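**Student:** Below is the structure I would like to discuss, written out as structure tokens.
Only the coordinates and a few stated rules stand behind these numbers; no lab work does. Bear in mind the structure is a predicted one, so any value in this text is a computation, not a measurement. Glycine also receives a Cβ, built like all others from the backbone with ideal geometry; neighbour counts cover every protein chain displayed.
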Amino acid sequence: MTNSRTVGPSDGAVATRTVIVSAKGAARWQAGHPWIYRTDIYDEPGDAPGIVAVTERRGRHLGQALYSPRSEIRLRLLTRGRETIDSTWWTRQITAAAARRAGVPATAYRVVHAEGDGLPSLVVDRYGAYVVAQMLSAGLEQARDDVLAGIEAALAPDAILLRNDSAVRRHEGLALEVVAARGSVPDTVAVEEHGVRYLAAPQAGQKTGAFLDQRENRVLVGQHTGPGRALDLFTYHGSFALHLARRAHEVLAVDSSADALARGRENAVLNGFANISWQEANAFDLLRELEAREETFDTVVLDPPAFAKSKQSVPRALGGYKEINLRAMRLLSAGGVLFTCSCSYHVSRAVFFDMLADAARDSGRRLQLLAVVGASGDHPELVNVPETGYLKGALLRAVD
Ligand code: SAH
């Protein structure tokens, strides 16, 4: 290819370089998947990342994409058109994504969910007056200034923090860093979620500062919480526990991290809840002890970290999921409710539900499926792009 210049963020970002893809690569885009892999590239500039034009071998224009010369995912589709992709373009896209979230009854939520919103590798989360964003590909990193200008114009935040410390950036040859892009975002931001208040931790918390993907599930579980005892395992900052505490007489919130529990305590104070006890423990051990003591709970939440970090680890992970689910089922009082989920991308929804059926069989309990859930609506999955979905969960009721 004869590509004389590099596309940078400040040059109006007209795609002057071209990548040529194979028929198979072109077919992927035609089928609605936004990625083209290294193996489907016919010719590429190979020099610097940025926004490129993409054609098939006979020269037909296919669209414009984010180009990552060092990643297996070489191209991420931005548009099928030829329009200039500048700060105005980003403003328009982010504004449209924000409009799709109109009416979310929370002050912390996801505004842009990357591929799910047609803006591959870009995450934009709102925490009250602040924005925390992630730029997760080399191509996008090149457009940083235009994207930031787009966020400012579309959302008018007080400050923007870039939590570019996600491990996926390594696949792109990018540094892991946390950058104060505009103004300064505080260490903690008090946010409200359907009437519950909590402190998000944008600088140092998990993901961009909180697990926003479970927001609607927390509300759902809250609505099904009975007046008795509740157990929130893997509680982190107590996000589920806070919703349980509105109805349950007492809540036991458990995590292996003392730091996470300290934040949970602060959150309880923020809401004036005195009915949550915080216990530092390994959930596997504690479940065994609770079962041995024949304790029962009217509501149980299981929100573990991803047990399967790779394809190879799925069988072992399933053993872990089954163990905690089986024991949790046995702890349920008659009529008790269990919310259980997995955020392991490698554990598909079908496999997760097979595991649950297996656990239910062994538990000796009759369990009704009250709801099948995924991530909150502000984290949209694309039906034909399985990579956009990772969280799957179920709400179960022990009939007797
Ligand atoms: N429910 C939370 C998110 C949970 S993240 C929310 O909605 O915000 C997973 C949590 O599990 C982390 O806080 C981590 O410290 C904790 N954890 C990991 N392994 C654990 C174990 N074996 N026992 C108890 N907690 C564990």
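**Student:** Just one of (1) part of a helix (DSSP H, G or I); (2) closer than 20 Å to His237 by Cβ trips up Cys341, so point out which.
**Tutor:** The one condition Cys341 does not meet is (1).
**Student:** Would you pick out the residues in region 125-158 that are more than 30 Å from Glu192 (Cβ to Cβ) and buried (at least 18 other Cβ atoms within 10 Å of the Cβ)?
**Tutor:** Passing the criteria: Ser137, Ala138, Gly139, Leu140, Glu141, Gln142, Ala143, Asp146.
**Student:** Among the residues of region 302-310, is any part of a strand (DSSP E or B) and in contact (Cβ under 8 Å) with a residue 24 or more places away in the chain?
**Tutor:** Yes, there is a match, as at least one residue in region 302-310 is part of a strand (DSSP E or B) and in contact (Cβ under 8 Å) with a residue 24 or more places away in the chain.
**Student:** Residues of region 300-350 being away from the ligand (no atom under 13 Å from the Cβ), over 17 Å from Ala241 (Cβ atoms) and among the small types (Gly, Ala, Ser), which ones?
**Tutor:** Of everything in region 300-350, those that are away from the ligand (no atom under 13 Å from the Cβ), over 17 Å from Ala241 (Cβ atoms) and among the small types (Gly, Ala, Ser) turn out to be Ala308, Ser310, Ser313, Gly319, Ser333, Ala334, Gly335, Ser348, Ala350.
**Student:** Need the failing condition index for Pro157 against (1) touching a Phe, Trp or Tyr at 6+ places or on another chain (Cβ under 7 Å); (2) within 26 Å of Gly238 (Cα to Cα), just the number.
**Tutor:** (2)
**Student:** Let me ask something else about it. Which residues, counting only those in region 276-320, are more than 19 Å from Ala258 (Cα to Cα) and among the polar types (S, T, N, Q)?
**Tutor:** The answer is Thr296, Thr299, Ser310, Gln312, Ser313.
**Student:** Then there's this: Examine region 176-188 for a residue that is within 12 Å of the ligand (Cβ to nearest atom), touching a residue at least 12 places away in the same chain (Cβ under 8 Å) and in contact with a strand residue (DSSP E or B) (Cβ under 8 Å, 6 or more places away or on another chain), and state whether such a residue exists.
**Tutor:** Looking through region 176-188, none of the residues is within 12 Å of the ligand (Cβ to nearest atom), touching a residue at least 12 places away in the same chain (Cβ under 8 Å) and in contact with a strand residue (DSSP E or B) (Cβ under 8 Å, 6 or more places away or on another chain).
**Student:** Now for a different question. Pull up region 65-110, narrow it to residues that are of a type in the set (S, T, N, Q) and part of a loop (DSSP other than H, G, I, E, B), then point me to the one that is farthest from Val52 (Cα to Cα).
**Tutor:** Here the residue is Thr107.
**Student:** Kindly indicate the residue of region 31-79 that is buried (at least 23 other Cβ atoms within 10 Å of the Cβ) and among the charged types (D, E, K, R) and also farthest from Val21 (Cα to Cα) among those meeting that condition.
**Tutor:** Arg76
**Student:** Which of the residues that make up region 234-255 are buried (at least 24 other Cβ atoms within 10 Å of the Cβ) and within 12 Å of the ligand (Cβ to nearest atom)?
**Tutor:** Thr235, His237, Gly238, Ser239, Phe240, Ala241, Leu242, His243, Leu244, Ala253, Asp255
**Student:** A follow-up question, please. Looking at region 256-270 only, could you name the residues that are touching a helix residue (DSSP H, G or I) at 6+ places or on another chain (Cβ under 9 Å) and within 13 Å of the ligand (Cβ to nearest atom)?
**Tutor:** Of everything in region 256-270, those that are touching a helix residue (DSSP H, G or I) at 6+ places or on another chain (Cβ under 9 Å) and within 13 Å of the ligand (Cβ to nearest atom) turn out to be Ser256, Gly264, Asn267.
**Student:** For region 274-289, give me the residue count where each residue is touching a residue at least 40 places away in the same chain (Cβ under 8 Å) and out of contact with any Leu (no Cβ under 6 Å at 6 or more places or on another chain).
**Tutor:** 3
**Student:** What pairs can you find where one residue is in region 15-34 and closer than 14 Å to Leu78 by Cβ, the other is assigned to a helix (DSSP H, G or I), and their Cβ atoms are less than 7 Å apart, with a gap of 6+ or different chains?
**Tutor:** That search, which allows pairs on different chains as well, returns Pro34/Glu115.
**Student:** Could you look through region 192-227, keep only residues that are of a type in the set (Ser, Thr, Tyr) and in contact with a helix residue (DSSP H, G or I) (Cβ under 8 Å, 6 or more places away or on another chain), and pick out the one that is surrounded by the most Cβ atoms within 10 Å (Cβ to Cβ)?
**Tutor:** Tyr198
**Student:** May I ask you to list pairs of residues, at least six apart or on different chains, whose Cβ atoms are under 7 Å apart, with the first in region 220-245 being within 11 Å of Tyr198 (Cα to Cα) and the second being assigned to a helix (DSSP H, G or I) and of a type in the set (S, T, N, Q)?
**Tutor:** His237/Asn267; Gly238/Asn267; Ser239/Gln214; Leu242/Asn267; Leu242/Asn271
**Student:** Quick check on my filter: what residues within region 118-161 are under 19 Å from Arg92 (Cβ atoms) and assigned to a loop (DSSP other than H, G, I, E, B)?
**Tutor:** Residues satisfying the conditions are Gly118, Leu119, Pro120, Ser121, Ala143, Ala156, Pro157.
**Student:** Could you list, in sequence order, the residues of region 209-221 that are touching a Phe, Trp or Tyr at 6+ places or on another chain (Cβ under 9 Å) and within 12 Å of the ligand (Cβ to nearest atom)?
**Tutor:** Hits for region 209-221 are Gly209, Ala210, Phe211, Leu212, Asp213, Gln214, Arg215, Asn217, Arg218, Val221.
**Student:** When you go through Phe273, Phe297, Phe284 one by one, which is the residue that is surrounded by fewer than 23 Cβ atoms within 10 Å (Cβ to Cβ) and away from the ligand (no atom under 11 Å from the Cβ)?
**Tutor:** On inspection, the qualifying residue turns out to be Phe273.
**Student:** Now, a different point. For region 300-343, give me each residue that is touching a Phe, Trp or Tyr at 6+ places or on another chain (Cβ under 9 Å), buried (at least 24 other Cβ atoms within 10 Å of the Cβ) and among the polar types (S, T, N, Q).
**Tutor:** The answer is Thr340, Ser342.
**Student:** Leu161: crowded, with 18+ Cβ neighbours inside 10 Å and away from the ligand (no atom under 16 Å from the Cβ), yes or no?
**Tutor:** So Leu161 passes the test.
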